[in-house]
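One structure is given here, and the rest of the page talks about it.
The values are calculated or read from the model by the stated rules, or taken from the named source; none is laboratory data. Just so you know, these numbers come straight off a predicted model, no measurement behind them. Here the Cβ positions follow ideal geometry from the backbone for every residue, glycine too, while neighbour counts run over all protein chains shown. Ligands, DNA and RNA are stripped out before the accessible areas are found, and what is left, the full protein with its side chains, is counted by its heavy atoms. Shrake-Rupley method; radii C 1.70, N 1.55, O 1.52, S 1.80 Å.
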Amino acid sequence: MAEQVALVIGGLAGGLLLLLLLIWVSCCLWKRLCAMFTYEELPGTTAASSTQGDKLCPPYAARTQTSRPPGVPFVVPPSFQDRDWVPLNSGEWAQVPRDPCPAPELLPHTSSSNLGMVGTINPELYKFLEDTSETDFPEGCLGRLWFSLEYQQEAERLLVGLIKARRLQGPSETCSPLVKLHLLPDERRFLQSKTKRKTSNPQFDEHFIFQVSSKSITQRVLRFSVYHVDRQRKHQLLGQVFFPLKNETLAGDCRRLIWRDLEAESLEPPSEFGDLQFCLGYNDCLRRLTVVVLRAKGLQLQEDTSFVMAVSNGGPGAQSGPCPPSQTSHRPEAGPRPLLPAHGLHCPAGVCVKVSLMNHNKFVKCKKTLAVLGSANPVYSETFSFKADPAELDTASLSLTVLQGAEGEKSHALGRVVVGPYMYARGKQLEHWNEMLSKPKELVKRWHALCRTTEP
């Protein structure tokens, strides 16, 4: 009897041991099987990353195929799956806490403050810039005009699209605008839009064609004149837009969309020697003085023949002897003439503006605009920059001289204006300079009357 009890106890003990052995073997096999489908980090990763800051953490050993949410073209590694993810309102998922040593190929390229789920698309990088052209209007704006330009080189045609206008300042609550288009210097011929009744925000959507050669297109200026038409059909000018046609604007046979603010017409009559409009601006951070030569009006131009006679008879820049044949036999033809660059001390046939920076009445630097032919009201719209320290502004001044040049002769000064501190300027010229200093990083625009000068 005792032997039978001992055998039963031994069988039970052996069975329990065998069962424990089977359970242990099963656990080992399960762990190995799981290890085959998971990422396994190498030991000592944290220590390596803390002691060697110039090296990246070791890469992970393998990849896994797990389920992924729809619309996400990647799989989140298992080492990140056990983390807590906080949903954001932009559709991203932020990880808490941040992994101190992510895989090198998963390192984000954005700042830590904008860290989202690894591999997600940041919508902030793909947002279109907000168009503020219809909402951001400066104080005192007379209105804004949108238009398009395209020049066809082979057909020699300038295609102008008149799109719309916004915030027109009419004489009364009701405004009936129309637009006239001139291709300066031709003041006689123009194209005209249809009249839009009782609206300050007209939508035109009209197209116009100017036939102009490729040789003379760069010296033309497109002028938009916006008028209000009253009940008696009288036209009242609301504002103008001057747009010089330059090479960079007409490059390539493509349509360009442009908008410009309207400018008020100067009601003051031209001065004796003409007027010059330009902008001044100073950036104290960059130590840069900016001059934008816009346009001139009412210039007292001299005819080519009279100018040559004045030169040969002892006028400004006179030389003895007869005029060269190139000045007498080759007269420039009437009509559009090309825009020529001005270099050196001589201004080519035409009118240009020389901008000189002076310090203690000593010459520092000089720059010139391109020369415009055949117009007493040339438009330039050229920008020049000069280096000037803030301490130099008390002794510096700017001299802008309008020059007319005859081919082969020295240029003739039509007038000059000097702006600067009280040491060099008075009146409007001094006010312009002081306003520039009081409004840093802004361009201050003004008209100035030209004065006669003996400078050639």
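Sorting Glu392, Glu272, Glu263 by accessible area puts them as Glu272, Glu392, Glu263; the probe is 1.4 Å, largest comes first, and only protein heavy atoms count.
Per atom type, region 162-270 shows carbon and sulfur on 45% of its accessible surface, probed at 1.4 Å. A Förster radius of 41 Å combined with the Cβ-Cβ distance from Phe363 to Gln211 puts the calculated FRET efficiency at roughly 0.35.
Each listed q (0.12, 0.15, 0.19 Å⁻¹) maps to a log10 I(q)/I(0) for region 122-254 from the Debye sum over equal C-alpha point scatterers, namely -0.55, -0.80, -1.10. For region 151-235, applying the loop criterion from DSSP together with a ceiling of 15 other beta carbons within 10 Å to the GluC sites (Glu not before Pro) yields Glu154, Glu156, Glu173, Glu187.
Probing with 1.4 Å while keeping every protein chain in the model, the per residue accessible area of region 370-413 equals 35 Å². Using the Cβ-Cβ distance between Ala391 and Cys451 with R0 set to 30 Å, the FRET efficiency works out to roughly 0.55.
The accessible area of His235, taken with all protein chains in place and a 1.4 Å probe, comes to roughly 80 Å².
Can you work out the FRET efficiency for the pair Lys428 and Arg167, with r the C-beta to C-beta distance and R0 = 25 Å, to the nearest 0.05?
The calculated FRET efficiency here is 0.30.
In region 362-429, the C-alpha radius of gyration followed by the widest Cα-Cα span (Dmax) gives 14.4, 42 angstrom.
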